[in-house]
Amino acid sequence: MTTGPRTILHADMDAFFAAIEQRDRPELRGKPVIVGGDGPRQVVSTCSYEARRFGVRSAMPGAEARRRCPQGIFVPPRMAAYAAVSAQVQAVFEQFTDEVEPLSLDEAFLDVTGSRLLFGDGETIARRIKREVLERTQLTVSVGVATSKFVAKVASDLQKPDGLVVVAPGDEKGFLAGLPLARLWGVGPATRQTLERAGLSTIADVQSRSRAALCQAFGDHLGAHLFVLANGLDARPVEAEREARSIGHELTFVDDLHTDDEVRALLLRLSEKVARRLRRAGLRATVVRLKLRHPPFDTLTRQKKVAATADELELYRTAAALLDDAWDRRRGVRLLGVTAADLVDADRPVQQGLFGGAAARPQQRDKLLRALDAIKDRHGDDAVHHGGPDPDGGDA
């Protein structure tokens, strides 16, 4: 039995989608590659480091990315190709531990505490992972090594690309102390301004306050959140991937969204992504959940039971109704998420609706969705989209 502090790795592929495009298309190497579309309703999936120098970031509206980087080369996502490379990377992780928690196609937490006797300490394992990923995929991965998930994730981001940062047990507070407040999860521009007005400008300043003082100043939720993270006390376990209990997508925005049109457009895109994953997994959702975050750290969730579905328009209409209930339109939107929960097998009989709509035409609708999936499999997720759907009826 292994004793002592945990050894947690956070492995994060460097500019993953863009790096695959540059690997597969040599003419793109060294150029500002932006994966996604540049239309007003499209968003950046990721971009190369050359594009990031112009201020382009993931989840940025495509039109804004084009404005910041006019010479950027926009390429449509090839999700099937990215998923195939992700599987290669996941196989490397699983050589060293079965305690792997994927966060997305390009990053994961690994608990290698029980692997140290076999493979060496955390730094040794991290170096082996980096070497094997490079050999298998010709791509680089940055790794942080620490005693907790939060500190490991911060560490993995500090020396990108191709970085390796190790935080020794007992050094967590000192490691975090000199970092800016933005390194704390959930601290965006508005929250940072709130903290700065209270005299806090670095993580060290947050560490100087007691938990009680932080809760009194910023409320129980944010205060406790700041205390735990700033002091490196994140005790959450790595949760190895098991049978899916839910499937979701969320986006955190660099600039808060304020208009109904842009929020609903992204809500539709999120619904499309979730529904596509449901269909790939042969599952349907019986609960739709909306996640909405306002600055500084006010997060709301709403959910509703639905007839079992893997149809993006059904997910969207339910999520849009939940949005109307949750969002007063006076505050901006920092984060938006759609989750399909209480999943059932797709071959389970579905009760049909009484009054028209997509749910009442299951065979025709399923045929259309299969056709859309086939197009996206071949040409990428941005190849075809629904128009602006009316939540109460068909496509507008």
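What follows draws every value from the coordinates through simple rules; no lab data is involved. Because the structure is predicted, anything quoted here is derived from the model rather than measured. Note: ideal-geometry Cβ built from the backbone for every residue, glycine included; neighbour counts use all protein chains shown.
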Next on the checklist: Modelling each spin label as a point 7 Å along the Cα-to-Cβ direction, I'd like the R68/A182 distance in nm, to one decimal.
Outcome noted: 1.0 nm
Checklist outcome for this item: For E250 and A346, extending 7 Å from Cα along the Cα-Cβ vector and measuring point to point gives, in nm, a value of 2.6 nm
Item to check | Cross-link reach list, lysines versus K173, counting only Cα pairs under 19 Å and skipping chain neighbours closer than eight places | outcome: K149, K153
Checklist outcome for this item: Note: T299 to Q90 extended length (0.36 nm per residue) minus current alpha-carbon separation gives 72.1 nm
Next on the checklist: Please state the shape class of segment 1-68: rounded when a/c is under 1.5, otherwise prolate if a/b exceeds b/c and oblate if not, all from the C-alpha gyration tensor.
Outcome noted: prolate
Checklist outcome for this item: Here, D260 and D205, labelled 7 Å along Cα→Cβ, have an inter-label distance in nm of 3.9 nm
Checklist entry - Once you have the alpha carbon radius of gyration of segment 153-307, what is it after dividing by 2.2 N^0.38 Å, with N set to its residue count? => result 1.25
Checklist entry - Taking a spot 7 Å from the Cα of K173 along the direction of its beta carbon, which residues of segment 216-242 have an amide N less than 15 Å from it? => result 227-234
Checklist outcome for this item: Here the gain from full extension of D162 to L134, 0.36 nm per residue of separation minus their alpha-carbon distance, amounts to 9.1 nm
Checklist entry - Stretched out fully, how many nm does the piece from L103 to R197 gain, at 0.36 nm a residue minus the Cα gap? => result 30.5 nm
Next on the checklist: I want to verify the translational diffusion coefficient of segment 1-168 in µm²/s; compute it with Stokes-Einstein, Rh as the Kirkwood radius over Cα pairs, at 20 °C and 1.002 mPa s.
Outcome noted: 130 µm²/s
Checklist entry - Roughly how big is segment 1-168's charge dipole about its Cα centre, with Cβ charges of +1 (Lys, Arg) and -1 (Asp, Glu), in debye to the nearest 20? => result 620 debye
Checklist entry - If you find the alpha carbon centre of segment 1-68 and of segment 220-287, how far apart are they in angstrom? => result 19 Å
